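Below you'll find the structure, written out as structure tokens, and then a few comments.
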Amino acid sequence: MAKQDKTPGELLAEQLCYKPENAGILMGEEELKKAYAYGLTYPDIMKNFSAAITREEFCTIVVKLYEQLTGKTAEPGADPFTDTDNPEILKAYNLKIVYGTAADKFSPASHITRQEICVMIFRALDVGIPGLDKSAPAAFDFTDAGKIASWAIDAVKFAYKNEIMKGTGNNQISPLDNTTREQAILLVYRTYAA
């Protein structure tokens with residue numbers, strides 16, 4: 001695509017991706033640009049791609065996923081948290097995509113694991129797509145599958161079955177590993193594109 005044929009979103013995403021701190025680290029550069037152009041991410045997260053994504057940052061992009069899939073604008077609900085008043089978190093909470101880490105705590109700066117991301121994506125799809133096929137794959141042979149929490153197993157299997165999340169190598173899915181910003185954006189993009 002010639003430069004003049006690119007949308008404003010694609011041009012901005014290209015500018016954001018081509019930063020010195022991103023040199024040589026981007027695995028899914030084209031998918032990152034598309035995610036930004038489709039409105040699935042935002043400028044503040046389109047940098048430092050190797051940094052672990054936080055709960056707050058992921059709430060923002062999972063709400064964008066919900067809004068793009070449904071064409072609806074999510075609304076923030078009541079705020080039970082004493083450690084955040086971020087409207088994107090409150091939107092995700094209101095949609096039941098995410099819950100707190102305690103009755104009155106959200107822990108917005110905490111990092112998010114691969115299994116937690118799967119759960120949030122699964123919940124966003126469940127609330128946004130009536131009749132979602134939630135069936136599990138026939139084969140799920142990862143050697144570390146036993147590390148997946150009982151509350152996350154269906155969501156991780158769903159993400160694997162639908163090619164949203166793949167293994168990390170050596171026949172492992174690494175459910176307890178933190179997720180980088182780049183990986184999180186790619187997972188949201190793959191969900192949207194699926």
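The values are calculated or read from the model by the stated rules, or taken from the named source; none is laboratory data. Because the structure is a prediction, the values reported are computed rather than measured. Cβ coordinates were reconstructed from backbone atoms using ideal geometry, including for glycine residues, and neighbour counts include every protein chain displayed. Surface accessibility is based on the protein's heavy atoms, side chains included, excluding ligands, DNA and RNA. Shrake-Rupley method; radii C 1.70, N 1.55, O 1.52, S 1.80 Å.
Okay, here's what the table says:
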quantity	calculated
Per residue accessible area in Å² of the chain, where ligands, DNA and RNA are left out and the probe is 1.4 Å	50 Å²
Dipole axis of the chain (+1 Lys, Arg; -1 Asp, Glu on Cβ), positive-most option in Ser150, Ile97, Pro130	Pro130
Assigned charges on the beta-carbon of Lys, Arg, Asp, Glu; the range 87-194 dipole about Cα centre (debye)	100 debye
Accessible-area composition of the chain, carbon plus sulfur, in percent [1.4 Å probe]	48 percent
Value of relative contact order over the chain, rounded to a whole percent, pairs C-alpha under 8 Å and six or more apart	25 percent
Among [x] 14.8; [y] 12.4; [z] 11.9, the entry that matches mean projected area of the Cα convex hull in nm² as calculated here	[z]
Violating pairs (Cα-Cα greater than 29 angstrom) within the set Lys47/Lys134; Lys47/Lys147; Lys72/Lys161; Lys64/Lys166; Lys34/Lys105	Lys47/Lys134; Lys47/Lys147; Lys34/Lys105
FRET E, pair Tyr99, Leu176, Förster distance 25 Å, beta-carbon r, rounded to 0.05	0.85
For the range 126-191: relative contact order, % (alpha-carbon pairs under 8 angstrom, 6 or more apart)	33 percent
Separation in nanometres of the label points that stand 7 Å from Cα toward Cβ, at Ala136 and Ala193	2.8 nm
